[in-house]
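The values are calculated or read from the model by the stated rules, or taken from the named source; none is laboratory data. Just so it is clear, the model here is predicted, and its values are computed rather than measured. Cβ coordinates were reconstructed from backbone atoms using ideal geometry, including for glycine residues, and neighbour counts include every protein chain displayed. These area figures cover heavy atoms from the full protein model, side chains too; ligands, DNA and RNA do not enter into them. Shrake-Rupley method; radii C 1.70, N 1.55, O 1.52, S 1.80 Å.
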Amino acid sequence: MSLVTTPTSQLATCAQCSGTRVTHITMTLTDGSVVDFASCHSCEHKTWTESGHGLAVTDVLRKATKTKV
Ligand SMILES: [Zn+2]
């Protein structure tokens, strides 16, 4: 068993290219949803996550705009 202690416990890794140059932001949308946004500097891959579930960009936009139907 090899246990490597990383200095940053929440080191984000890109799902696309496994790169570590990832900007990770947690934000609250207008409908109250707390979502995580990760953007990779290596391959431009962007990921939206809410409570561990992946979100489509359209879902995020809908939550952010909160339009009444
Ligand atoms: Zn990447």
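Hey, can you tell me all the residues within the stretch 11-27 that are in a strand (DSSP E or B) and surrounded by 11 or more Cβ atoms within 10 Å (Cβ to Cβ)?
Filtering the stretch 11-27 for residues in a strand (DSSP E or B) gives 22-27.
Selection gives Val22, Thr23, His24, Met27.
Residue pairs, Cβ under 6 Å, 6 or more apart or interchain, first in the stretch 13-35 and more than 25 Å from Arg62 (Cα to Cα) and acidic (Asp, Glu), second open to solvent by less than 80 Å² (accessible area, probe 1.4 Å) and modelled with pLDDT of 95 or more. List them.
Within 6 Å, no pair qualifies.
I need the full set of residues from the stretch 4-27 which are at pLDDT below 85, within 13 Å of the chain's Cα centre (by Cα) and away from the ligand (no atom under 13 Å from the Cβ), in order please.
Once the filter is applied, which keeps residues that are at pLDDT below 85, within 13 Å of the chain's Cα centre (by Cα) and away from the ligand (no atom under 13 Å from the Cβ), the stretch 4-27 yields Gln10, Leu11.
Residue by residue through the stretch 46-64, note down the ones that are polar (S, T, N, Q) and surrounded by fewer than 10 Cβ atoms within 10 Å (Cβ to Cβ).
Within the stretch 46-64, the first condition is being polar (S, T, N, Q), and the residues that meet it are 47, 49, 51, 58.
Residues satisfying the conditions are Ser51, Thr58.
Regarding Asp59, is this residue in a loop (DSSP other than H, G, I, E, B), modelled with pLDDT of 90 or more and away from the ligand (no atom under 16 Å from the Cβ)? Please lay out each step first, then the result.
Working: in a loop (DSSP other than H, G, I, E, B): no; modelled with pLDDT of 90 or more: yes; away from the ligand (no atom under 16 Å from the Cβ): yes.
Spelling it out, it is not the case that Asp59 is in a loop (DSSP other than H, G, I, E, B), modelled with pLDDT of 90 or more and away from the ligand (no atom under 16 Å from the Cβ).
Could you tell me how many of the residues in the stretch 35-45 are within 15 Å of the ligand (Cβ to nearest atom) and either loosely packed, with under 14 Cβ neighbours inside 10 Å or farther than 13 Å from Ala12 by Cα (or both)?
Counting residues in the stretch 35-45 that are within 15 Å of the ligand (Cβ to nearest atom) and either loosely packed, with under 14 Cβ neighbours inside 10 Å or farther than 13 Å from Ala12 by Cα (or both) gives 4.
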